[in-house]
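Structure in C-alpha cells, see below.
Since every read-out is calculated from the coordinates, none of them should be taken as a lab result. What you are looking at is a predicted structure, and each value in this text was computed from that prediction instead of being measured. Positions of Cβ are backbone-derived with ideal geometry, glycine not excepted, and every protein chain shown enters the neighbour counts.
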Amino acid sequence: MHRPDALSRRDLLASAGYGIGAFALQGLLAGQTAPTFPNFTPRAKRIIFLFQAGGPSHLDLLDHKPEIKDRFDQDIPPSVFGTQRITGMVAQQDRFPVVPSMYGFSQYGKSGQWLSDRLPFTGGIADEICVVRSMFTEAINHDPAITFFQTGSQLPGRPSMGSWIHYGLGSENANLPAFVVLNSLPSNGQPDQGLLSRLWGSGFLPSRYQGVQFRSTGDPVLHLSNPPGISREMRRGQLDALAALNTGTHERVGDPEIETRIAQYEMAFRMQASVPELADTSKEPEHVYKLYGEESRKPGTFAANCLLARRLAERNVRFIQLYHRGWDHHGGLTEKLPVLARDTDQSSAALVQDLKQRGLLDDTLVIWGGEFGRTPYAQGPVKKDSYGRDHHGRVFSLWMAGGGVKRGYSHGRSDDYGFNVAEGGVHVHDLQATILHLMGIDHLKLTYLFQGRQFRLTDVAGNVVREILA
C-alpha cells in the first residue's frame, strides 16, 4: 500500500549510508566541516566577541572630538544633520543641541591612541588594539540593530555569526560546543534592553549549529546533571538505545534534524564531564584574579565571564559571545556610563593581556563594541555635566585585537561632530566579511541554500577591510 510519507528513490539513496547506533554519527559529534573551508590560511582560529548591548557612546569613550568642546548648546548644522532619521524618543524635540563629552581624553601607548579617561585599562593595551572609528549601520533601534550585527539582517530568522562560523569550520573540541554564549548584567542592576535567544540561534541552518548559553548559577547548562539514582553508565546505555531508535527513524524519514538530535544528546553526555571542570575557576592563581579584578570572583559578572572566555579559548571553542547589557543611555548617561565602563574596562583589557601571555592572542580575534553609537546632541535637558544621548547609527566606534588585525592602529574617522563618517567607512557587512576573512573564509562562498536562494551572512554586500589587516 502506498504511504503519503514514503521515501522517494533520491531520499532512500541519500539515507543509505547511515548505520544504527550512537557511534555511527561520530563525525557529527565533532561538528564536521563544510568541505571547502577554510578557503585560505586563517589568521584567527577563534573569536571572542565582547558585545556591549544598548549602544555605548563613542563620543564619551573612543572618539575624541575636541572640535565641539566650545559648541555646547549650539544646534547641529543642517549641513551636518542632513536627512538623518530620528527615533520616537526625540521626535518631539524642537532642536538638537550639541553636548560635548564631559570626560577627558588622553593619548595612550606608543601608538598615541586617543581614549576616554573612563577606559584607563584599555589605554594600557592601546598598542595591542585596532580602533575602528568609522563604523555605520542601517538600523536605528535596538532589536533590528543587534539582529543586523549578529545575523546580517534586521529581520529575525537568519543564522547568527557564530552559527555560520560553526557551520563553515566545524569544531575543534568534541567535548564542548563550538559556539558558547555568556550573558552579564551591569553592576548597577539596570539591564535595559532584553536579549532574545534567536540572537545566537541557527536560523535556517541545522539546529546543531546554534549557540549554547551557559548560566552563571546552578548547572552552567540546564539539565546537564543526571537525576538522583542515574549513573553515568546507565545514562550511556540509555543514549545508545535512544540513538539506535533515532537512527532507525532517520533511515525511514530522512529528516536531518534527527541527526542533530543524536549529536546533541552525545554532546550533552560529553559536556557532563567537560563543563564542570571548565566552569570551576577556583584553581586559577591569585595573580589572574588580580588581573581581571575582584568582580571576576563573582559568577555572572562581565569580569567572571571574560575569565571564562579565556578558559573556553584555551579549549579551542570557535566562537565565544559575551553580552553585557545596560548601555542604552537616553538620560543619565553621566551617572550610568562610568558604571558600565568600570564593569568592562579592566576585564576586557585583562582578557587581551591574558591571551597574549599564554600565546593565544595571535590566533584569537577579540572584538569590543555595540550595535550603534549615541548622538552628539542631547536628548532631554541640555546640561554640561548631566545629559543623555539618543541612538546613532551614522557613525560609531569599536575596537579589535589579535587574530590578524593591526596593533596600535586607528582606522577611519568621523566628522568634527562625531555625526557622520568622514573617512574610511566600515559598514556592518564589511566588518562581518572581514571577520570571516580572518577565520580563513571567503564571505562570498559561505552560503546555504534555503527557499530557493543561496543565503550568506553578508547578504548581498560586504567588502573585506584590508586596511586593518596585519
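Considering the options His411, Leu351, Val339, tell which one lies farthest towards the positive end of the dipole of the range 262-413, charges being +1 on Lys and Arg and -1 on Asp and Glu at the Cβ, about the Cα centre.
His411
As a footprinting exposure proxy, order Lys65, Lys283 by other Cβ within 10 Å, with the fewest listed first.
Values: Lys65 22, Lys283 7.
Lowest count first: Lys283, Lys65.
Determine the sum of side-chain charges near Ala341: Lys and Arg each +1, Asp and Glu each -1, restricted to other residues whose C-beta is under 9 angstrom from that of Ala341. Before the final figure, lay out the partial values.
Numbers: positive: Arg118, Arg342; negative: Asp60, Asp343, Asp345.
Once positives and negatives cancel, what remains is -1.
Run the dipole for the range 371-470 about the Cα centre, Lys and Arg Cβ at +1, Asp and Glu Cβ at -1, nothing else charged, and hand back the magnitude in debye, nearest 20. Write out the running numbers ahead of the final one.
Details: 12 positive and 10 negative charges, 31 e Å.
Its charge dipole is roughly 140 debye.
I'd like to know which of Leu446, Ala263, Ser111 lies farthest towards the positive end of the charge dipole of the chain, counting +1 on Cβ of Lys and Arg and -1 on Cβ of Asp and Glu.
Ala263
For Phe450, enumerate residues with amide H under 5 Å from its amide H, sequence gap 5+ or separate chain, H modeled in the peptide plane.
Sorted by chain and number, the residues that satisfy this are Phe455.
Counting each DSSP H run of 4 or more residues in the chain as -39500 (n - 2.57), what helix-only mean residue ellipticity at 222 nm follows after dividing by all residues, to the nearest 500 deg cm²/dmol? Provide the component values of the computation, followed by the final result.
Numbers: 13 runs with 144 residues, N = 470.
Rounded to the nearest 500, the figure is -9500 deg cm²/dmol.
Please arrange Cys130, Cys306 by how many other C-beta atoms lie within 10 Å of their C-beta, fewest to most. Intermediate values should be presented prior to the final figure.
Working: Cys130 24, Cys306 30.
Going from sparsest to densest Cβ surroundings: Cys130, Cys306.
Could you give the dipole magnitude of the range 262-412 about its Cα centre, charging the beta-carbon of Lys and Arg +1 and that of Asp and Glu -1, in debye to the nearest 20?
Working: 21 positive and 18 negative charges, 69 e Å.
It works out to roughly 340 debye.
Can I ask one more? Less than 13 Å Cβ to Cβ from Cys130, Lys/Arg counted +1 and Asp/Glu -1: what total charge do the surrounding residues give?
Details: positive: Arg43, Arg133, Lys406, Arg407, Arg466; negative: Asp127, Glu128, Glu467.
Local charge sum for Cys130: +2.
For the range 348-377 and the range 111-144, what is the separation of their C-alpha centers, rounded to whole Å?
Cα centroid of the range 348-377 versus Cα centroid of the range 111-144: 9 Å apart.
Here is a further query. By how many nm would the segment from Asp442 to Thr83 lengthen if fully extended, with 0.36 nm per residue of separation less the alpha-carbon distance?
Values: separation 359, 0.36 × 359 = 129.24 nm, distance 3.45 nm.
Length gained between Asp442 and Thr83: 125.8 nm.
Also: Using 1/(1 + (r/R0)^6) with R0 = 51 angstrom and r between the beta carbons of His287 and Asn226, what's the FRET efficiency to the nearest 0.05? Working shown, then result.
Working: r = 36 Å, r/R0 = 0.71.
Efficiency computed from Cβ-Cβ geometry: 0.90.
A further question on this structure: Testing the spin-label approximation: label points 7 Å from Cα along Cα→Cβ at Arg270 and Glu172. State their distance in nm.
The answer from the label model is 1.5 nm.
If R₀ is 51 angstrom, what is the calculated FRET efficiency for the pair Arg297 and Asp240, using the beta carbon separation as r and rounding to 0.05? Intermediate values should be presented prior to the final figure.
Details: r = 41 Å, r/R0 = 0.80.
Rounded to the nearest 0.05, the efficiency is 0.80.
With unit charges on the beta carbon (Lys/Arg positive, Asp/Glu negative), name the residue among Gly424, Pro227, Leu245 whose Cα is farthest towards the positive pole of the charge dipole of the chain.
Selected residue: Leu245.
Counting other beta carbons within 10 Å of each residue's own, what order do Glu251, Glu257, Glu286 fall into, fewest first?
Glu286, Glu257, Glu251
Something else about it: Can you order the peptides 423-429, 381-387, 123-129 by their average number of other Cβ atoms within 10 Å per residue, highest first?
Numbers: 423-429: 18.6, 381-387: 14.0, 123-129: 22.4.
The packing order, highest mean first, is 123-129, 423-429, 381-387.
Tell me, in nm to one decimal, what length is gained between Arg215 and Val339 on full extension, where the rule is 0.36 nm per residue of separation less the Cα-Cα distance? Please list the in-between numbers first.
Details: separation 124, 0.36 × 124 = 44.64 nm, distance 2.28 nm.
That works out to 42.4 nm of additional length.
Find out how many positive minus negative residues lie around Gly326, taking Lys and Arg as positive, Asp and Glu as negative, among other residues whose Cβ is under 13 Å from that of Gly326.
Values: positive: Arg325, Lys336, Arg342; negative: Asp192, Asp328, Glu335, Asp343.
So the environment of Gly326 carries a net charge of -1.
How high is the FRET efficiency between Thr249 and Leu449 when r is their beta carbon distance and R₀ equals 30 Å, given to the nearest 0.05?
On the way: r = 24 Å, r/R0 = 0.82.
Efficiency, from the Cβ-Cβ distance: 0.75.
Right, next: For a quick protection proxy, order the peptides 409-417, 101-109 by their average other-Cβ count within 10 Å, most packed first. Each step should come with its number before you reach the end.
Details: 409-417: 19.7, 101-109: 16.9.
Output ranking for 409-417, 101-109: 409-417, 101-109.
Roughly how many Å is it from the Cα centre of the range 159-208 to that of the range 408-444, as a whole number?
Using only Cα atoms, the two centres lie 23 Å from each other.
May I ask you to order 41-48, 436-443 by the average number of other C-beta atoms within 10 Å around their residues, highest value first?
On the way: 41-48: 20.6, 436-443: 23.6.
So the order, starting with the most tightly packed, is 436-443, 41-48.
Can you give the extra length, in nm with one decimal, that the chain gains between Glu257 and Arg198 once fully stretched, where that is 0.36 nm per residue apart less the Cα-Cα distance?
Numbers: separation 59, 0.36 × 59 = 21.24 nm, distance 1.78 nm.
Taking 0.36 nm per residue and subtracting the Cα distance, the gain is 19.5 nm.
Given +1 on the Cβ of Lys and Arg, -1 on the Cβ of Asp and Glu, and no further charges, what dipole in debye does the chain carry about its Cα centre, rounded to the nearest 20?
Working: 49 positive and 48 negative charges, 146 e Å.
In debye, rounded to 20, the chain gives about 700.
How many nm is it between the label spots at Lys383 and Asp459, if each spot is 7 Å from the Cα in line with the beta carbon?
Result for the modelled spin labels: 4.0 nm.
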